[in-house]
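Encoded as structure tokens, the structure appears first; notes follow it.
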Amino acid sequence: MLELKNITKIFNAGTVDETTLFDNFSFKVDDGEFVAVIGSNGSGKTTLLNLACGTIRPESGAVIFGGNDITRLPEHKRAKSIGRVLQDPRMGTCGNLTITENMALADNKNKSFGLGAGVSKKRVEYYRTLLEACGMGLENRMNVPVGNLSGGQRQAIALVIASMTDIDLLVLDEHTAALDPKSSETLMEITDKVVREKHLTTLMVTHNLRFAVEYGSRMVMMHEGKCVLDISGEEKKNAKVDDLLKIFNQISIEVGN
């Protein structure tokens, strides 16, 4: 499905702040996997997502997606088959537009635009069905501007929008981090439901160790541009938050913190 092959990524090249984060780094996500990625700040988690989505490009190496080399493919073209939900709830939706209008924009993502109506009345009931599955009552607020909603509600809409078209990969970039605990729990439950029902290959970065343990089929821990832990199957099912904290603490000691 997705493979980062022999990637080198350098930041601030040619300056006193030059940093090589990835050095001949390789990483692979198989079709149907739900991968939770954890790690300290600066470990390479978000850079991993940005390389997959095309937000940044590597100095060397290749990004392979569905068997094709997309290393030089622009981000907006990758978005046809990759859905992404960012940390900030405001980034995945347009606050001045209603829920219906936001969903209509997403519904037409891979279609050519003309001078016809932006919202098809025939599709509104379909939008209601998608929102009803969230269990937040959003299907009853279709004409409300998204900017009037709570962060949790807005992020739930962003998740629905990101996954409503035929995408091959769902990328979640700390999508619960800006929410209160209750909203975070609700959004993770919705996320798990969407991933399972649509059988989506998913790559999720999170700082919440419990979410990383409880959700997904595989868990990866990053540190200084390397995978220091990669577990799946029974090993993933048996993982404990305390075990992850021990690894974090050991890493912290090794780097002198």
Whole-percent carbon and sulfur share, accessible surface of the chain, 1.4 Å: 48 percent
Estimated dipole of the range 36-175 in Debye, rounded to 20 [Cβ of Lys and Arg +1, of Asp and Glu -1, Cα centre]: 320 debye
Candidates per trypsin sites (Lys or Arg not before Pro) in the range 47-79, loop by DSSP, up to 15 other Cβ within 10 Å: Arg72
Peptides ranked, highest mean first, by Cβ atoms within 10 Å: ranges 124-131, 166-173: 166-173, 124-131
Potential extension, Asn68-Asp242 segment - 0.36 nm per residue separation minus Cα distance: 58.7 nm
Pairs beyond 21 Å (Cα-Cα), from Lys9/Lys45; Lys9/Lys237; Lys28/Lys226; Lys28/Lys246: Lys9/Lys237; Lys28/Lys246
Total charge dipole magnitude, the range 207-254, about the Cα centre, Cβ charges on Lys, Arg, Asp, Glu only, Debye to nearest 20: 120 debye
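The values are calculated or read from the model by the stated rules, or taken from the named source; none is laboratory data. Being a predicted model, the structure only gives us computed values, none of them experimental. For neighbour counting, all protein chains shown are included, and Cβ atoms are generated from backbone atoms with ideal geometry for every residue, glycine included. Note: areas computed on protein heavy atoms with side chains; ligands, DNA, RNA excluded. Shrake-Rupley method; radii C 1.70, N 1.55, O 1.52, S 1.80 Å.
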